[in-house]
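Undergrad: Got a structure for you, questions after.
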Amino acid sequence: MENVDINITIIDREGEKHHIEAPTDMAMNLMEVVRSYELAPEGTIGVCGGMAMCASCQCYVLSDTKLPEMQDDEEAMLSEAFDVKDNSRLGCQIQMTPGMEGLVVELAPES
Amino acid sequence: MSHYHQIDIINLVFNFIFMITTDILIIGAGPTGLFTVFEAGLLKLKCHLIDALPQAGGQCSEIYPKKPIYDIPAYPEILAGDLTERLLEQCKQFEPGFTLGERAETIDKQDDGTFIVTTNKGTKHHAPVVAIAGGLGSFEPRKPKIHNITDFEDKGVEYIIKDPEIYRDKKVVIAGGGDSALDWSIFLSDVAAEVTLIHRRTEFRGHLDSVEKVQELKNKGKINLITPAEVVGIVGDHKVKAVVVKQAQHIEKEFELNCDHFIPLFGLSPKLGPIANWGLEIEKNAIKVNNALDYQTNISGIYAIGDVNTYPGKLKLILCGFHEATLMCQSAYQIINPGKRFVLKYTTVSGVDGFDGTRKEAPKAVVKSIE
């Protein structure tokens with residue numbers, strides 16, 4: 001099978017950097033990638049399951065990687081979340097694609 | 001006899017008369033908890049459910065009632081709210097009791113091995129078996145990160161509106177951009193002396209009716225709307241006197257806004273909460289159970305089923321919760337009826353006898369000779 005993994009960097013809530021390979025052919029989003037590598041304790045991320053309804057997967061995008069545009073529900077959720085910055089996104093709304101090679105994100109604090 | 005002893009005895013008698021008693025006490029009225037009532041009912045065991053939310057259904061009714069689920073066996077698609085309705089209908093004949101809007105706070109194992117579970121409002125429940133079907137925990141209000149907010153809790157800061165009358169003729173600041181912020185702003189505009197609604201965006205996520213109503217009240221001067229802005233501080237001495245508002249439009253500026261109450265309404269998020277202190281083995285924010293047998297925890301008589309438990313290979317799926325509930329009930333039967341024989345029966349063969357006197361059964365085959 002063709003290798004469809006991409007290399008991305010995730011900085012966890014303790015500030016530790018993780019260089020990981022994320023599959024792009026398993027319909028996974030960034031929140032699920034974080035969970036699959038157990039980079040945040042279960043129950044503290046992806047609480048709503050990925051419906052843009054809890055903001056537990058909020059992260060700060062540190063690279064200038066092109067990401068899917070923000071939809072209304074993500075924007076609405078972020079407007080009610082805490083610790084929001086200009087580069088905040090919800091991991092569950094970012095589907096992993098080959099174009100995201102080199103993505104660097106930092107997980108926002110638990111709220 | 002001292003005065004205190006008399007009070008103790010009165011409490012004891014009071015509890016004895018008024019304590020809720022049941023066979024299986026279920027903590028959490030989500031899908032797994034509701035299906036437990038049905039499976040227990042088939043074994044003639046009665047259930048009572050406690051849930052911190054004011055309605056049954058757990059996450060399905062609180063977070064995503066209008067969203068479809070596609071992996072419930074035999075339902076190619078069902079809305080989470082409809083699943084809750086059907087589970088309630090399925091278990092209705094077994095007359096479950098409910099303590100809703102109260103959070104299970106403490107558990108005390110009695111000398112005879114039974115348990116007393118007390119809620120945050122002091123309601124006591126007595127049962128030989130406790131099944132924790134608490135999902136991700138009880139839903140708690142999400143608190144904005146304002147450094148001194150906890151100092152003002154119940155001193156002008158309320159995350160949940162219990163009695164709107166306390167706001168009569170007061171100055172109220174509400175923060176949030178969802179339905180509850182909109183609905184309470186509308187409601188309190190008739191009660192409070194002044195209502196200010198603060199939201200980080202100009203757009204609100206709520207029913208169109210509510211958004212339009214707030215617009216109308218704003219135009220009439222009955223709701224003071226400050227957007228895009230957020231509350232970043234609280235000023236007061238033992239009591240809220242003002243909030244610090246940071247306005248984002250054009251140039252950032254901060255100002256104080258006098259008020260008697262600050263009500264942040266940012267929704268609810270589940271927290272494992274007091275259950276974490278019940279002496280149960282916790283791993284990954286979940287309760288460790290024995291999945292080779294019956295989903296019992298490290299405390300005999302306490303089970304954990306559904307999303308709240310963990311074991312090697314655990315999957316947090318509603319359908320897995322149903323399976324766990326079914327096995328758990330068989331084991332609970334043995335605790336409640338030690339040594340009493342029982343074999344699994346099929347509902348198609350035996351029918352279902354409700355505690356309410358109803359009986360469901362498969363129609364009998366017609367036997368008639370052909371001449």
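Undergrad: For region B:15-101, rounded, prolate or oblate, judged on the Cα gyration tensor with a ≥ b ≥ c (square roots of eigenvalues), a/c < 1.5 rounded, else prolate if a/b > b/c?
TA: oblate
Undergrad: Under the 0.36 nm per residue contour assumption, what length would be gained going from the current alpha-carbon distance of B:Lys44 and B:Ser350 to full extension? Don't skip to the answer; put the middle values down first.
TA: Working: separation 306, 0.36 × 306 = 110.16 nm, distance 1.32 nm.
Extra length available between B:Lys44 and B:Ser350 comes to 108.8 nm.
Undergrad: Determine the shielding of peptide B:151-162 by partner chains: average, over its residues, the number of Cβ atoms on other chains within 10 angstrom of each Cβ.
TA: Details: counts 0, 0, 0, 0, 0, 0, 0, 0, 0, 0, 0, 0.
That average works out to 0.
Undergrad: Between B:Glu281 and B:His238, what FRET efficiency follows from the Cβ-Cβ distance if R0 is 30 Å, with the result rounded to 0.05? Each step should come with its number before you reach the end.
TA: Details: r = 42 Å, r/R0 = 1.40.
Approximately 0.10, to the nearest 0.05.
Undergrad: On to the next question. Please build a GNM for chain B, connecting alpha carbons under 10 Å apart, and tell me which residue among B:Ala175, B:Ala133, B:Ala332 fluctuates the most.
TA: B:Ala175
Undergrad: If we count every other residue with Cβ under 10 angstrom of B:Ile24's Cβ, Lys/Arg +1 and Asp/Glu -1, where does the sum land? List each step's numbers first, then the result.
TA: Values: positive: B:Lys46; negative: B:Asp23, B:Glu39.
In short, -1.
Undergrad: Excluding A:Lys66 itself, what net charge comes from residues whose Cβ is under 15 Å from its Cβ, given Lys and Arg +1 and Asp and Glu -1? Each step should come with its number before you reach the end.
TA: On the way: positive: A:Arg89; negative: A:Asp64, A:Glu69, A:Glu101.
It works out to a net charge of -2.
Undergrad: What is region A:5-107 by shape, rounded, prolate or oblate, if you read a ≥ b ≥ c off the alpha carbon gyration tensor as root eigenvalues and call it rounded for a/c under 1.5, prolate for a/b larger than b/c, and oblate otherwise? The partial results should precede the final answer.
TA: Details: a/c = 1.38, a/b = 1.24, b/c = 1.11.
Here region A:5-107 falls in the rounded category.
Undergrad: What spacing in nm lies between the two simple spin-label points modelled at B:Glu361 and A:Thr97, each 7 Å away from Cα in the Cβ direction?
TA: 6.2
Undergrad: Related question: First check a/c for region B:149-266, with a ≥ b ≥ c the square roots of the eigenvalues of its C-alpha gyration tensor; if it is under 1.5, answer rounded, and if not, answer prolate when a/b is larger than b/c or oblate otherwise. Present the calculation step by step, with values, prior to reporting the outcome.
TA: Details: a/c = 1.66, a/b = 1.14, b/c = 1.46.
Oblate, because a/c is 1.5 or more while a/b does not exceed b/c.
Undergrad: Please compute the average number of Cβ atoms from other chains found within 10 Å of each residue's Cβ in peptide B:203-210. All intermediate terms of the calculation are to be shown ahead of the outcome.
TA: On the way: counts 4, 2, 7, 1, 0, 0, 0, 0.
Averaged over the peptide's residues, the number is 2.
Undergrad: Would you mind getting the Kirkwood hydrodynamic radius of the protein assembly as shown from its Cα pairs, rounded to one decimal in Å? Numbers along the way, then the final one.
TA: On the way: mean 1/r = 0.0396 Å⁻¹.
The answer is 25.3 Å.
Undergrad: May I pose another question? Pick out which of B:Ile24, B:Ile116, B:Ile146 has the largest mean-square fluctuation in a Gaussian network model of chain B, springs linking Cα atoms closer than 10 Å.
TA: Per the Cα network of chain B with a 10 Å cutoff, B:Ile146 tops the list.
Undergrad: Once both axes come from the Cα atoms, what is the angle between helix B:80-91 and the longest principal axis of chain B, in degrees from 0 to 90, rounded to 10?
TA: Relative to chain B, helix B:80-91 is tipped by roughly 40 degrees.
Undergrad: Between beta-carbons, use under 11 Å as the cut-off and find the net charge around A:Ile6, counting Lys and Arg +1, Asp and Glu -1. Could you put the intermediate results ahead of the total?
TA: Details: positive: none; negative: A:Asp5, A:Glu21, A:Asp25, A:Glu101.
Computed value for this residue: -4.
Undergrad: Separate question: Give the peptides B:202-215, A:54-67 in descending order of average Cβ contacts within 10 Å, highest first. Before the final figure, lay out the partial values.
TA: Values: B:202-215: 15.7, A:54-67: 18.9.
The peptides rank, most packed first, as A:54-67, B:202-215.
Undergrad: Let's see if you can work this out: charge +1 on each Lys and Arg Cβ, -1 on each Asp and Glu Cβ, no other charges. What is the dipole magnitude of the protein assembly as shown about its Cα centre, in debye to the nearest 20?
TA: 1240
Undergrad: Next up: Using 7 Å Cα-to-Cβ label points, what is the A:Lys66/B:Asn120 separation (nm, one decimal)?
TA: Taking the two extended label points, one gets 4.8 nm.
Undergrad: Could I ask something else about it? Please sort by residue number the trypsin sites (Lys or Arg not before Pro) in region B:43-107 whose DSSP state is loop and whose Cβ has at most 13 other Cβ atoms within 10 Å. It would help to have the intermediate numbers written out before the result.
TA: Values: sites: B:Lys44, B:Lys46, B:Lys66, B:Arg86, B:Lys92, B:Arg103; in loops: B:Lys44, B:Lys46, B:Lys66, B:Arg103.
Taking region B:43-107 and a limit of 13 other Cβ atoms within 10 Å, the loop trypsin sites (Lys or Arg not before Pro) found are B:Lys66.
Every number here is computed from the coordinates shown, using simple stated rules; none is lab data. Predicted model, so just to flag it, every value in this text is computed and none were measured. A quick note on method: Cβ atoms are made from the backbone with ideal geometry, for glycine too, and the neighbour counts reach across all protein chains shown.
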